[in-house]
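Enquirer: Please read through the structure below; I'll follow up with questions.
Throughout, read-outs are computed from the coordinates displayed, never taken from laboratory work. What you see is a predicted model; the values in this text were computed from it and never measured. Cβ sites come from the backbone with ideal geometry, for glycine too, and all protein chains shown count toward neighbours.
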């Protein structure tokens with residue numbers, strides 16, 4: 001009981017000194033953050049708000065200033081016909097939009113799954129000690145370094161049914177009985193896009209995972225070695241749990257990236273219904289079809305879907321961005 | 001001498017020119033294919049020498065859909081970097097607001113062009129662009145192979161299919177495993193709209209949306225035409241044809257791997273080039289006709305024009321450039337070197353052109369029967385109409401639903417798009 005009476009005078013001055021210091025540091029930090037916040041507001045916040053605003057108007061690209069507010073009409077509107085039947089129209093009931101949502105989700109989940117798998121394998125190899133490791137580490141980043149449009153065009157020639165090297169190799173090795181039109185047929189178009197994306201982004205994944213692997217202290221493995229733990233068990237009991245925070249952050253970056261995939265598909269399979277994603281569809285409406293408001297509504301919904309997925313993922317995966325694990 | 005004469009002609013023809021012309025820096029966009037860019041450059045060099053202006057070519061992707069998206073964006077933003085735009089025949093109604101009215105500048109020359117083409121570039125009395133060349137596709141065929149198998153040039157699509165199949169099978173048995181019967185433009189893009197419009201029209205199935213704005217595409221003749229085309233994929237045409245644009249089909253053709261090809265006249269000069277495997281072995285004919293009532297040969301009207309941006313900082317010089325690039329001299333050069341069809345009536349009787357590009361005088365007839373795409377009645381909705389049409393056709397070609405089902409769906413979509421009116 002007495003400690004309670006004594007404790008406050010001891011703790012309070014200490015806390016006061018600490019919080020004064022903290023306040024000062026927080027103030028300084030805020031000042032340092034101001035330029036970045038202004039830059040973000042100008043290049044990201046303002047365009048975002050404008051897009052959202054346009055999605056509630058009837059704007060067209062040639063008449064942005066004179067746009068009228070139309071409420072949620074771009075998202076959902078209904079008219080009751082003379083026959084008494086009610087017809088729903090708008091983005092939320094547009095089959096082309098939901099097809100694009102489905103394509104995007106399918107693309108994002110599949111590509112990120114394989115990238116994480118291959119990225120982990122590559123990272124484990126690169127984490128081992130061997131001669132020329134530095135060169136191999138640099139070399140593996142080449143696909144990531146090539147601009148997407150260039151690599152997409154390169155792959156589109158490699159995948160070409162008549163002149164492409166993949167068909168030529170497949171035929172020579174006897175793997176294919178006839179030349180396959182990879183990007184043309186709806187069955188293989190998505191696979192072709194996935195292959196190129198996985199080829200391109202696995203190095204990025206590997207690099208992030210490798211950074212996580214190098215944080216794991218070597219003596220844990222030595223201890224496991226001495227105890228005679230099988231390497232496979234070592235991987236599942238030591239490596240995987242310890243690299244998990246880095247892996248989760250890598251996956252979330254990639255997932256966000258994959259959800260807004262545009263350039264690869266625009267170059268490789270433009271206009272193919274089998275691969276049309278949300279971004280591709282939004283661009284088409286914004287610029288090709290003169291439906292700027294409708295395209296803005298799609299862009300807004302894309303933003304909301306990505307935001308929703310991110311929140312869900314962080315919550316479910318208990319990801320912490322400071323590298324620790326909850 | 002010639003250049004001076006040209007310059008004098010230009011100066012008198014351009015009404016807007018006032019006082020001494022200042023040297024200007026102009027930019028022109030071009031999504032030309034084949035040797036088109038090199039040709040354009042050679043003509044621009046002449047223009048530079050004659051006027052003292054400098055002209056930069058900004059190359060663009062060859063797909064007209066890609067070009068359009070970019071141009072619309074630039075024009076909507078009031079971009080003054082580009083002075084002269086190369087425009088597709090279908091764009092005039094959609095971009096009319098952003099281009100200068102050339103009626104006054106072209107008043108002396110407009111009458112020399114085909115009236116139908118000038119009309120296609122006139123929106124509400126405003127001449128949006130000056131025609132540079134017109135385009136109408138033809139059936140390219142290998143005369144050596146037809147001779148070898150003792151076949152006639154097909155007059156109907158059914159004949160084409162039978163002939164193509166027989167020659168393809170024969171050539172494959174002789175060891176050319178890459179041989180195909182027919183290549184066309186089957187990728188999901190504007191080019192497929194052109195191809196499919198020809199099939200539909202050749203079967204007497206109308207023009208998707210008629211001149212009065214009524215939606216006519218859902219009819220049995222149109223379905224029959226697209227069903228016929230779908231039967232080519234995987235038989236006489238490679239599966240990959242579903243992803244071909246002009247240049248991919250020309251690639252297959254020019255390697256000697258196809259009996260027939262549907263393509264624009266530009267492929268003629270390139271096919272006769274030194275590196276071509278088919279040089280001297282091919283000729284062109286009108287596209288085959290369909291079957292049933294109203295069946296005829298049909299060719300989609302294409303063509304390119306020069307328009308001047310209203311945001312140009314040197315509109316006078318830019319108009320001069322547009323007039324120069326559409327002048328008889330340049331059109332003649334273009335006809336001889338590029339086999340692009342002139343838009344000036346007189347050039348079809350030109351002896352030099354007839355000698356260098358004997359196909360051009362023959363093309364006059366093909367092109368006079370050409371079918372316009374429904375860009376005029378559908379106005380700013382044209383791109384979406386075209387996109388929905390090519391999607392329906394592409395779905396059918398790739399086995400995703402029958403032609404009848406897809407056209408029924410298309411009619412519904414178009415009706416919704418049309419709403420109270422185009």
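Enquirer: Please arrange A:302, A:213 by how many other C-beta atoms lie within 10 Å of their C-beta, fewest to most.
Expert: Starting with the residue having the fewest Cβ neighbours, the order is A:213, A:302.
Enquirer: Relative contact order of chain B, please, whole-number percent, based on alpha carbon pairs below 8 angstrom and at least 6 residues apart.
Expert: With pairs under 8 Å counted, the relative contact order is 24 percent.
Enquirer: Same structure again: For the protein assembly as shown, state the semi-axes of the equivalent ellipsoid (square roots of 5 times the eigenvalues of the alpha-carbon gyration tensor), sorted largest first and rounded to whole angstrom.
Expert: Values: eigenvalues 574, 235, 153 Å².
Each semi-axis is the square root of five times an eigenvalue, giving 54, 34, 28 Å.
Enquirer: Mind checking which of A:36, A:22, A:259 has the largest fluctuation in a GNM of chain A, springs on alpha carbons under 10 Å?
Expert: Comparing A:36, A:22, A:259 in the GNM, the peak value goes to A:22.
Enquirer: How big is the antiparallel share of DSSP beta bridges in the protein assembly as shown, given as a percent to the nearest 5?
Expert: Roughly 70 percent of the beta bridges in the protein assembly as shown run antiparallel, per DSSP.
Enquirer: Sticking with this structure for a sec: Give, in whole angstrom and from largest to smallest, the semi-axes √(5λ) of the equivalent ellipsoid of region A:99-317, with λ running over the eigenvalues of the Cα gyration tensor.
Expert: 36, 25, 14
Enquirer: Let me ask something else about it. Pop the C-beta distance of residue B:158 and residue A:46 into the FRET formula with R0 = 56 Å and round what comes out to the nearest 0.05.
Expert: 0.40
Enquirer: With a 10 Å cut-off between alpha carbons and a GNM built on chain B, which of B:374, B:288, B:220 moves the most?
Expert: In the Gaussian network model the winner is B:220.
Enquirer: Here is a further query. Specify the angular offset, from 0 to 90 degrees and rounded to the nearest 10, of the alpha carbon long axis of helix B:190-202 from the longest principal axis of the alpha carbons in chain B.
Expert: 60 degrees
Enquirer: Okay, next question. Could you tell me the calculated FRET efficiency between residue B:411 and residue A:92, based on Cβ-Cβ distance and R0 = 25 angstrom, to the nearest 0.05? Don't jump to the answer; show the numbers that get you there.
Expert: Values: r = 24 Å, r/R0 = 0.94.
In this case the efficiency is close to 0.60.
Enquirer: Another question about this same structure. Given the -39500 (n - 2.57) contribution per DSSP H run of 4+ residues, what per-residue ellipticity at 222 nm results for the protein assembly as shown, rounded to the nearest 500 deg cm²/dmol?
Expert: -16500 deg cm²/dmol
Enquirer: Moving to a separate point now. Between 0 and 90 degrees, rounded to the nearest ten: what's the tilt of helix B:328-338 against the longest Cα principal axis of chain B?
Expert: Approximately 30 degrees, to the nearest 10.
Enquirer: If you fit an axis through the alpha-carbon atoms of helix B:36-51 and take the longest principal axis of the Cα set of chain B, what angle between them do you get, 0 to 90°, nearest 10?
Expert: In chain B, helix B:36-51 runs at an angle near 10 degrees to the longest axis.
Enquirer: Pick from A:95, A:241, A:35: which is most flexible by mean-square fluctuation in a GNM of chain A where alpha carbon atoms under 10 Å apart are linked?
Expert: Among A:95, A:241, A:35, the largest GNM mean-square fluctuation belongs to A:35.
Enquirer: Still on this model: Just to confirm my numbers, what's the Cα centroid distance between region B:75-95 and region B:137-180 in Å?
Expert: Each part reduced to its Cα centre gives a spacing of 42 Å.
Enquirer: Ok, one more. Can you give me the relative contact order of region A:99-317 as a percent, contacts being Cα pairs under 8 Å and 6 or more apart?
Expert: 29 percent
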